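J.: Got a structure here, written out as structure tokens. Questions coming.
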Amino acid sequence: VPVPEDASLGTVVAVLSVSDRDSGENGRVRCRVWPASPFGLVSTFAGSYSLVLREALDRERVSEYEVEVRAEDGGRPPLSGRLGVRVSVSDVNDN
């Protein structure tokens, strides 16, 4: 997913859907971004999340991010899933 280095904070990078067929606490899903990065998750509606830009990007400092979205349900033991997203930072003329 290419994102220009001058993208505004809050820019949606990807939209993800997460589901669990269980009911109650066991069916509740928590999602997070790993490792810490300039991206975060915003819950848009039940089971849907947007991966959004939370911090300014600088292509000269970091040209690509490997972001992993981790989902875990409320079961005992919890079940989990992962999705990798590669985010390329595209250059904008800084002059």
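The values are calculated or read from the model by the stated rules, or taken from the named source; none is laboratory data. All of these numbers come straight from a predicted model, not from anything done at the bench. Every residue, glycine among them, receives a Cβ derived from its backbone with ideal geometry; neighbour counts consider all protein chains shown. Surface accessibility is based on the protein's heavy atoms, side chains included, excluding ligands, DNA and RNA. Shrake-Rupley method; radii C 1.70, N 1.55, O 1.52, S 1.80 Å.
J.: Which pairs have Cβ atoms under 8 Å, sit 6 or more apart or on different chains, and link a residue in region 43-57 that is more than 13 Å from residue 31 (Cβ to Cβ) to one that is open to solvent by less than 30 Å² (accessible area, probe 1.4 Å) and in a loop (DSSP other than H, G, I, E, B)?
T.: Here the result reads 53/7; 53/38; 54/38; 55/38; 56/38; 57/5; 57/7; 57/38, each pair linking region 43-57 to a residue that is open to solvent by less than 30 Å² (accessible area, probe 1.4 Å) and in a loop (DSSP other than H, G, I, E, B).
J.: Out of the residues in region 46-92 that are of a type in the set (Val, Ile, Thr) and within 18 Å of residue 10 (Cα to Cα), which is surrounded by the fewest Cβ atoms within 10 Å (Cβ to Cβ)? Working first, answer last.
T.: Step one: list which residues in region 46-92 are of a type in the set (Val, Ile, Thr), which gives 52, 62, 67, 69, 85, 87, 89, 92.
Subsequent filtering for residues that are within 18 Å of residue 10 (Cα to Cα) retains 52, 67, 69, 85, 87, 89.
Details: 52: 19, 67: 20, 69: 20, 85: 16, 87: 20, 89: 21.
In this case the residue turns out to be 85.
J.: Return the residue satisfying two criteria in turn: it lies in region 60-95 and is assigned to a strand (DSSP E or B) and of a type in the set (D, E, K, R), and of such residues it is farthest from the chain's Cα centre (by Cα).
T.: Only one residue tops the list, namely 73.
J.: Here are the criteria: (1) open to solvent by less than 80 Å² (accessible area, probe 1.4 Å); (2) in contact (Cβ under 8 Å) with a residue 24 or more places away in the chain. Tell me which single one residue 32 does not satisfy.
T.: Only one criterion in (1) open to solvent by less than 80 Å² (accessible area, probe 1.4 Å); (2) in contact (Cβ under 8 Å) with a residue 24 or more places away in the chain is unmet by residue 32, namely (1).
J.: Would you check if there is a residue in region 11-24 being modelled with pLDDT of 95 or more, small (Gly, Ala, Ser), open to solvent by less than 70 Å² (accessible area, probe 1.4 Å) and on the phi > 0 side of the Ramachandran plot?
T.: Checked against the condition, which is being modelled with pLDDT of 95 or more, small (Gly, Ala, Ser), open to solvent by less than 70 Å² (accessible area, probe 1.4 Å) and on the phi > 0 side of the Ramachandran plot, region 11-24 yields no hits at all.
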